[in-house]
Every structure is written in structure tokens, then in C-alpha cells.
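The values are calculated or read from the model by the stated rules, or taken from the named source; none is laboratory data. The shown structure was predicted, so the numbers you read here are calculated from the model rather than taken from an experiment. Reconstructed Cβ throughout: ideal geometry from the backbone, glycine too, with neighbour counts over all protein chains shown. Accessible surface areas use protein heavy atoms only, side chains included; no ligands, DNA or RNA. Shrake-Rupley method; radii C 1.70, N 1.55, O 1.52, S 1.80 Å.
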Amino acid sequence: MIAATEPNQRPADAKLLVIDAGGQLRPARRVELLDFLRAGDLVIANDAATLPASLSGHHVPTGGEIEVRLAGRRSLSPEDVVCFTAVVFGAGDFHTPTEHRPPPPALAGGDRLALGPLAAVITDVLGHPRLVSLRFEGRPDDIWSGIARHGKPLQYAHVQTPLALWDVWTVIAGRPVAFEPPSASFVLDWRTLAAMRARQIGFATLTHAAGISSTGDEALDARLPFDEPYHIPSATSAAIDRTRAGGGRVVAVGTTVVRALEHAADVCGRVKAGYGIATTRIDEKTRLRVVDVILSGVHEPATSHYQLLRAFTDSETLVRATELMSALDYRTHEFGDSVLIVAQRLRRAEALRHLQRGKG
Amino acid sequence: MHAFSSLRAAVTGGTSGLGLALVRELTRRGAHVAFVARTPERVQQIAREHPHTHGIVGDVARKEDIYPIALQITGELDGLDVLVNNASSLGPTPLRLLADTDCEDFERALAANLLGPFRLTKALLGALSASAREGRGAVVVNVSSDAAINAYPTWGAYGASKAALRHMSAIWNEELAAEGVRFLSLDPGDMDTPLHALAVPDADATTLKQPEQAAVEIADAIEASLPAIAGLSRRSSAASSRAAAEGRAS
């Protein structure tokens, strides 16, 4: 597979790999996506807008140059823009791969950070020299203004053009609470939403503060994803109930949607509306209660996103999928191609459906 | 209970004239209001005078300012139900015949009156449509003018840009009806505002409408367009029906 290096959310030649409930692989063009969904299905996307979470500046005690990457917050409340979890790098910027970035100066609780118009204090070092909690000074509106004017979208070296917010906001981006874009939703535009409506495919959203996906440090990456606050509107939980009752499938756009829905589900798979904090990891041990199908980006095997896909299909199928996508030059990362995976637990239901359709 | 409590509204050009009157009227009705304007000192002053509002410094005519503005609006208000694109530029002042208008002045009028509202609406459409999906409704008000319809000599840059804004509102309204986002193009009439004074310096202010009156009418039109609020409140004045009808017609 190759890295997608251009910040284009919807390239005309984008590819899709469909993995059905039986583990069959089917390469397709991404413009054909809706052909793999059905009337009565419900597509759920994460409508979080992305914060410009990269803040350059310096560590006041040493004068050392730093880049602070905001990576987590406690809640989605607009006033709760004061305290963040953050990953701190030394000098340099996104042009250098994160694994080659120098460490920051030695950080300690109480250290002051000067980040453009923003001033912050480290409140704690969280068991790793690069991971801290920090508190911004000033009123929430001043902090919002400082982040809006000084922050840049988090960026990795595979894209060399500096990203602007319009590159990373999806068309449905609403509340700015994500640290990295919920990039599986890059596939959506208004025309696609209208086409879904025409085909009686439902559409609903939730808001999930998608966190940082990679730090370049193995020990830190093993702690990902961090806890992520989310909000599920009552309209979305009602739409899930209706979909269930009508025999439709719940299609999650992106790993964050899976994480929020499965966290909010009770043992019977009913999703509670409201606020929550997703603390659980989703992997091959997870028994999915809500989500039947996932639309996701193309992820490399070592990532937490890839681990999450193992909740949908077995490792052997994912290995075959990776091999096929490598052979067909699928592109990875946030501006790359997509995979659509139908959960293996639907195998019997889907087989029955094919049988019935054959008879009809 | 206020009709607009829990309503989240943003107003551009919110430190003078109609914009300021709207900030006050929407706040008076209980809305949570953010306003945008170019001059930091004015923004701070108005925010100080209206402690529950959020002042945002930015110029909607500048492409680079749009996303920082959108980020602060949705961040500080926790989403958005109502956007009022009110900030306007007259074009060259004193007003000039179109043939005497510099291309750069014409471009500036288009940037403020047409491209700015287009860009800001597009950046905020995700938040507005989320509000609509949640059953709260969503409204974009584009402040129009009779100069958008009538060909007044010397009002060329302003009139042409407002005519385009009016038509853009109508197309947005058609395209986004199914998403539940309503667009209103509202003409507040000739008002006693700094913009009008710049255009017609010798106008008799006593013959002009007060911006506070226009703000009441626009707030009524917003109220009539939001299903959740219209259901809650039985206040439906003649003014609101008139304004809403004009919004649909345009």
C-alpha cells in the first residue's frame, strides 16, 4: 500500500474494498459505495469538526522550542476548553516523521508554556516524558480565539503541504471537538447524503472527540486511543431503534462511531442517548452489540484502528485484504481509500437473505 | 420562559447598526449569541456591555478568517441553530456610477456581501444541519436590500452583490430543504445606521426606520421558521408572517 500524500478528501479515483460477512473480498470504486448498502440501513457518521490542535511555541523554563499536540479532553462542554491532555515534541514540525522528532526539554508540573497568544501551565507529567496534562490561562473565549488563530491541524510527514482547516473539516463538521479528523467521513458530500435519502438509506450523526492516532513513540502509541468524550443525540438513538425493528443494518462511518455506539450500548444493544466517555478498546475480543457494518480508511496492521477492525472480521481475512490492497495500490492514511466490512456475525442473516432473494 | 432559550445564534457585523440591534434583540429573547466584527476594540466593548454574548474578531471578506470564525462560533456556542449574515460593504463611498467604480472596489463588495456569506455558511453547514437533524431546526438569514431588486444608479457594487446574495439564498433554500436548513433573504428597509449615513449623508434620520424595529421583525421571522420554537410559543405577529412570506418568496 502507498501513503495518500495529497489533502484531497474525495479524489475521483478513490477505491473501496468490500469485505462481506463471509470474508469474500470485492474491490470496487468508492463512488459505488451506496450500491453496497440497502434501503432500511442506517449510516451513522461522526460530525465532530477538527480543532487546530498543533500549537507551536516554547517551554518557558528552558526557552526550548516545542510543538504541543492537544490530544484529549475531559468533556465536550464549550467551557471545558481549559484542561487538555497533550503530547509534546521538541523543535521542528510535521515535515519530520514523528518517530524522528526530538524530545521536548525535560518537562515538569508547574512549567509554563508560551504558545503564540496562549499561555499554559503543565499540571502533570503522565508517566511518559512527552505526555502531559496542561491548563490554559484566561477565559474560555480567549482560549478559543487563541486556538483558532494560532493552532494548525495536526499533521504527519506523509502529507508535505501544510494543512488548512478546510482540508480537515468534513462537510458535516459541526462542534469542534476532534483532535484529528474523523476522516472516514471524508467520503461524504451533500450529493451523497441526498442520494442516500433517495434510496431510503437513513443518515444520523453523533459527536465524538476523535483523538490522536499516532505519536511516533511505541510506548505512547500502545496507550492509544485515549479516553474520548462523545455525545449521541436522541434522534440518533431513536433512528437505531427504528432500524433494528425494521431489520436494517447499522453502518458506522469510522472507528470513532463504533467506539461511541458500542460504549453507549446496553447488553441488549440498545443505545442510550446523551453524553459519555469512551474508555474501552475495541479489538478481536469485542462482541459488537450495535454496529453491523463499518466504513473505514485503509489502516496499517500496527495501528489501533486496524485492531478495531478485528472486531468485524477475522485476522486471516484482514491479512488477505491487506495483501490484495497492496497488490492493487490502495492508498493508506486519512486521505486514502476506504474499506467496507460487514461483521462476520451477520453471516447467517446475510446468507439467509441471499437464499430468500434467490427464491423470490 | 423565553422563546429563544437554548437557541444558538451568530450575527456577523454585530457591533453597529442592524447587527448590534439583532445581538440585543436575540439576547433579550433568551438566545445564546456570538457576534463577529472586524475591530477588536469594538468587539471587546460590545462583549463587555453584553456579558452573556461572545465577541469574535474577524473579517468575513477575508478567506483566511472564515474557519477561525466558524471554529469560535461553534466552539463557544456548542453548535449553531441560526446564522445571520448581516455584515455588508457599500462598495466605494461616496457612492459612484458603476462605470466609475474601480474593479478592486467591486471585488471588495462581492467579497463582503457574497463570497463571505457563501464561505461562512458552507463552513457552518455541518453544525446547522446537525441542529436540523436533532429536531431543533436551522435558519440562515441573509440580510438583503431593495437595491437587490431595483436598479438604483450609483448603488451598482452594493446592488449587484446583494442581488447575487438574494439569489444564492433562494438556491441554498431549494437545495437544503430536505436537510431541514431554511434560508431567509430579508430586506430590513432603509434604516438609521452607519451604513446608510455613509451612503446618503444628508438623509433625514427622522424618516428612517430604527434598526431596533428591523431587528424585532427579523427575530420574529427566525422564530416563525424554527419548528421547535414556533410550536412552543404562540406569539405570531403580523410582522413575522410578512417577513417569513418574503423569505419564502425570495
Counting only other chains, what is the mean number of Cβ atoms within 10 angstrom of the Cβ of each residue in peptide B:77-86? 2
Farthest toward positive dipole pole in the protein assembly as shown [+1 Lys/Arg, -1 Asp/Glu at C-beta], among B:91, B:33, A:174: A:174
For chain A, size of Cβ-based charge dipole, Lys and Arg +1, Asp and Glu -1, in debye: 1540 debye
Across segment A:44-57, in residue order, what do the Karplus-derived ³J(HN,Hα) couplings come to in whole Hz, using 6.51 cos²θ - 1.76 cosθ + 1.60 with θ = phi - 60° and x for Gly and Pro? 10, 10, 8, 9, 5, 7, 9, 6, x, 8, 9, 10, 8, x
Loop GluC sites (Glu not before Pro), segment A:44-131, which have at most 14 other Cβ atoms in a 10 Å radius of their Cβ (DSSP): A:79
What average count of beta carbons from other chains do you get within 10 Å of the Cβ of residues in A:139-148? 5
If each part is reduced to its alpha-carbon centroid, segment A:1-65 and segment B:146-162 end up apart, in Å, by 44 Å
Answer with one residue from B:195, A:325, A:5: the one whose Cα lies farthest towards the positive end of the charge dipole of the protein assembly as shown, charges on Cβ with Lys, Arg +1 and Asp, Glu -1. A:325
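Please report, as a whole percent, how much of the solvent-accessible surface of segment B:33-128 comes from carbon and sulfur atoms (probe radius 1.4 Å).
51 percent
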Partner chain coverage, peptide A:72-81 - average Cβ within 10 angstrom: 1
Contact order normalised by length for chain A, with contacts defined as Cα pairs under 8 Å and 6 or more residues apart; what percent is it? 24 percent
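Pairs of alpha-carbon atoms within less than 8 angstrom and 6+ residues apart define the contacts here; what relative contact order does chain B have, in percent?
19 percent
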Convert each backbone phi in segment A:305-321 into a coupling constant with the Karplus relation 6.51 cos²θ - 1.76 cosθ + 1.60 (shift: θ = phi - 60°), then list the ³J(HN,Hα) values in order as whole Hz, x for Gly and Pro. 4, 5, 4, 5, 5, 5, 6, 9, 8, 7, 4, 4, 5, 5, 5, 4, 4
Given Cβ point charges of +1 (Lys, Arg) and -1 (Asp, Glu) and nothing else, what value in debye, to the nearest 20, does the dipole of the protein assembly as shown about its Cα centre take? 2180 debye
Ranking request for peptides A:136-149, A:280-293: highest mean number of other beta-carbon atoms within 10 Å first, then the rest in descending order. A:136-149, A:280-293
Treating only the Cα positions of segment A:267-360 as identical point scatterers, give the base-10 log of I(q)/I(0) from the Debye formula at each q in 0.15, 0.25 Å⁻¹. -0.73, -1.33
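In the neighborhood of residue A:177, defined by Cβ-to-Cβ distances under 11 Å, what is the net charge if each Lys or Arg adds +1 and each Asp or Glu adds -1?
Overall, the nearby charge balance is -2.
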How much net charge surrounds residue A:315 when only the other residues with a Cβ under 13 Å from the Cβ of residue A:315 are counted, with Lys and Arg +1 and Asp and Glu -1? -2
Can you tell which of B:212, B:49, B:107 shows the greatest fluctuation in a Gaussian network model of chain B with Cα springs below 10 Å? B:49
In debye, nearest 20: dipole of segment A:148-288 around its Cα centre with unit charges on the Cβ of K, R (+) and D, E (-)? 660 debye
Surface per residue (accessible, 1.4 Å probe) for the protein assembly as shown, Å²: 41 Å²
Convex hull of Cα atoms in segment A:48-136, direction-averaged projection (nm²): 6.0 nm²
Cα-based Rg of segment A:1-54 normalised by 2.2 N^0.38 Å, two decimals: 1.48
Give me the percent of the accessible area of chain A that comes from carbon and sulfur atoms, probe 1.4 Å, all protein chains in place. 52 percent
Contact surface A-B: accessible area buried, both sides summed, square angstrom, 1.4 angstrom probe: 2200 Å²
5 Å is the cut-off here: which amide hydrogens, built 1.01 Å from N in the peptide plane, fall below it relative to residue B:58, excluding neighbours closer than 5 in sequence? B:37, B:38
Global form of chain B, assessed from the alpha-carbon gyration tensor, a/c cut-off 1.5: rounded
